[in-house]
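The values are calculated or read from the model by the stated rules, or taken from the named source; none is laboratory data. Quantities reported herein were computed from a predicted structural model and do not represent experimental measurements. Here the Cβ is made from the backbone with ideal geometry for all residues, glycine too, and neighbour counts use every protein chain on show. These accessible areas exclude ligands, DNA and RNA; they are computed on the full protein's heavy atoms, side chains included. Shrake-Rupley method; radii C 1.70, N 1.55, O 1.52, S 1.80 Å.
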Amino acid sequence: ALEDLEELWFALQTEMTQSGKISKFSVEVTNLDGSKSNETITRVGTFNLVSSNGYLTYNDEVGQVQPLPKQPAGYIAETASSFFNSGSGYSALYVDPSRGGILSLETRKKTLEEFFHEGKEVGYAITALLIIGLIIALVRFIDLTATSAKIKTQEKNLDTPNANNPLGRLLQIYHDNKSVDAETLELKLDEGILREIPKVDRGINLIKMFAAIAPLMGLLGTVIGMIMTFQTITLFGTGDPKIMAGNISLALVTTALGLICALPLILIHSVVAGKAKSVLQKLDEQSAGLIAAIAEKESK
């Protein structure tokens, strides 16, 4: 009995000594697909097992070293890889004093992709709105930028109208009607500007509409999620909150997606609308100048 107590004392002393050391060694690792491979890992006291791929865990039941089913958040996993690959000096590392308990909870946290898919069909529809709105905004922004450049080029040569830009088409109306009075020319130029407005504003109101619809679709998803939550409560009661968690996630995720979709669309709509407004303002300025030139000729 005394010898057994001495062995126990030595074992405890050895464990305490080793728990304060960091050691690197090779061991057989059982991968998630069941295959096995020899890897070099680092043991940080009794806290963590670390490899170049992140954190590992030791399964007491089968006596195997295994990778975690899912690595924790990126900034945590990066410190593990950095710590393993460091040769000297100091390196930060997140340690788990619960011997795997906290890491296990970390791996159960949902990623942004998993949260996104919890929005289901309503979330996918909101995302489609965002993508379509961004494509329309990009196309209109490029088109308006090109139109503005053509107008600037046309301003340098007002005597030779070019039909590839709104100002050129407006100047063509002026050159075709130089002999008319100022009032008639004003009406014709106004008519020309009215024809150009739909081309300049094309698609801009659609972006604004998408920005308004997205939060409403998010609200629709919220209502659907709450209806499903109350249905679950009716069937199973409130004993287990996990049963209701999926429907509540649907309610909250769709609301967030609706706002995430609306915010950039509102900003982009303001930018594109401002671009279109500057083009129309340039047409109004040139139109007023042309009318003033005809009125001046008539006064003489």
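A few remarks follow.
- Excluding same-chain neighbours fewer than eight residues apart, the lysines reachable from residue 188 by a Cα-Cα span under 24 Å are 150, 152, 156, 178, 199, 277, 282, 297, 300.
- For the range 102-150, radius of gyration divided by Kirkwood radius, i.e. Rg to Rh on alpha-carbons: 1.37
- Accessible area per residue for the chain is 62 Å², calculated with a 1.4 Å probe on protein heavy atoms, without ligands, DNA or RNA.
- Compactness of the range 162-265, expressed as Rg and Dmax over alpha-carbon positions, Å: 27.3, 87
- Debye equation applied to the C-alpha atoms of the range 256-300, log10 I(q)/I(0) at 0.15, 0.16, 0.25 Å⁻¹: -0.56, -0.59, -0.82
- Considering the chain, its Cα convex hull presents a mean projected area of 29.7 nm².
- With Cα atoms, 0 to 90° folded angle of helix 204-236 axis to the chain main axis: 30 degrees
- Fraction of accessible area attributable to carbon and sulfur, the chain (%, probe 1.4 Å): 62 percent
- Cα-based equivalent ellipsoid of the range 95-199: semi-axis lengths in Å, sorted from largest, via gyration tensor: 61, 16, 9
- Rg over Rh, two decimals, the range 174-215 (C-alpha only, Kirkwood Rh): 1.35
- Inverse mean reciprocal Cα-Cα distance (Kirkwood Rh) of the range 1-90, Å: 14.7 Å
- Using alpha-carbon coordinates, inclination of helix 120-155 to the longest axis of the chain, degrees: 40 degrees
- Amide H partners (placed H, <5 Å) of residue 29, local residues excluded: 37, 38, 39
- Burial order of peptide ranges 244-256, 146-158 (average beta-carbon count within 10 Å, highest first): 244-256, 146-158
- Near the amide H of residue 56, within less than 5 Å, lie the amide hydrogens of 49, 50, 51, all on another chain or at least 5 residues away, with H placed in the peptide plane.
- Rounded to the nearest 10 degrees, the angle from helix 241-299 to the longest Cα principal axis of the chain is 20 degrees.
- Calculated P(r) tail over 11 Å for the range 222-264, as whole % of Cα pairs: 62 percent
- Distance between modelled label sites at residue 128 and residue 19, nm, 7 Å Cα→Cβ extension: 5.8 nm
- Over the range 8-146, equivalent-ellipsoid semi-axes from the Cα gyration tensor in Å: 45, 18, 14
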